[in-house]
Amino acid sequence: MDRRTIARELTMQALCQLDVQGSEAESTLRRFFNENTDDPMVLQLAEKWTHGAWEKMQACDDLIASAAVRWKLSRLSHVDRAILRMAVHQLRYCSDDIPCKVVINEAIEIAKKFSTEQSPRFVNGVLDAVLHHLNQDAVETSSKKEEGQ
């Protein structure tokens, strides 16, 4: 399995722990990662993505909520919420490092592996809508900059 895929799976699991236990779980994350990988790159990515998504959780949740029109975030399973938070964080804050298609495809594959039969389609739909929203924001920001010149 690809090292980034392993890091994403660990990130999703860590975000589930944080979702259930709250910030108290942060103190156990290093041990969790170390128990599940001895690869320094995987460890570094999992920690970076987990902490980044957790720190930017509200911004990620706002994007998810606006994309999942008929779903309340609180109704989603912990797994689906964690997958979406991780992917939205990567789409919004790591897009220079990771192609958007890769982020979405990896999220779908994690949903297939860890969630329900309907989850991959749901995750795909929400992330497509988030990506569309982010692209629209980028175009509007670019247009405003051009107008201001």
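What to note about this one:
- Index of the failed condition, Thr116 passing every other in (1) surrounded by fewer than 19 Cβ atoms within 10 Å (Cβ to Cβ); (2) of a type in the set (S, T, N, Q); (3) assigned to a helix (DSSP H, G or I): (3)
- Neighbours by Cβ (under 9 Å, 6+ apart or cross-chain): first from the stretch 69-90, farther than 11 Å from Ser119 by Cα; second modelled with pLDDT under 95 and assigned to a loop (DSSP other than H, G, I, E, B): Gln90/Asp97; Gln90/Ile98
- Thr11 under 21 Å from Ser77 (Cβ atoms) and at pLDDT 95 or above: yes
- His78 touching an Asp or Glu at 6+ places or on another chain (Cβ under 6 Å) and surrounded by 15 or more Cβ atoms within 10 Å (Cβ to Cβ): yes
- Search result, residues across the stretch 4-55 that are of a type outside the set (Asp, Glu), more than 22 Å from Arg92 (Cβ to Cβ) and loosely packed, with under 15 Cβ neighbours inside 10 Å: Val20, Gln21, Gly22, Ser27, Thr28, Arg30, Arg31, Asn34, Pro40, Met41
- Inter-residue pairs, beta-carbon under 9 Å, first over 12 Å from Ile104 (Cβ atoms) and in the stretch 118-138, second assigned to a helix (DSSP H, G or I) and among the hydroxyl-bearing types (Ser, Thr, Tyr), 6+ apart: His133/Ser66
- In the condition set (1) without any contact (Cβ under 8 Å) to a residue 24 or more places away in the chain; (2) of a type in the set (Lys, Arg); (3) surrounded by 12 or more Cβ atoms within 10 Å (Cβ to Cβ), Lys101 is compliant with all but (3).
- Any hit, the stretch 62-74, residues being surrounded by fewer than 16 Cβ atoms within 10 Å (Cβ to Cβ), out of contact with any strand residue (DSSP E or B) (no Cβ under 7 Å at 6 or more places or on another chain), at pLDDT 95 or above and more than 28 Å from Asp137 (Cβ to Cβ): no
The values are calculated or read from the model by the stated rules, or taken from the named source; none is laboratory data. These numbers come from a predicted model, not from an experiment. Using ideal geometry, Cβ is built from the backbone for each residue, glycine included, and neighbour counts are taken over all protein chains shown.
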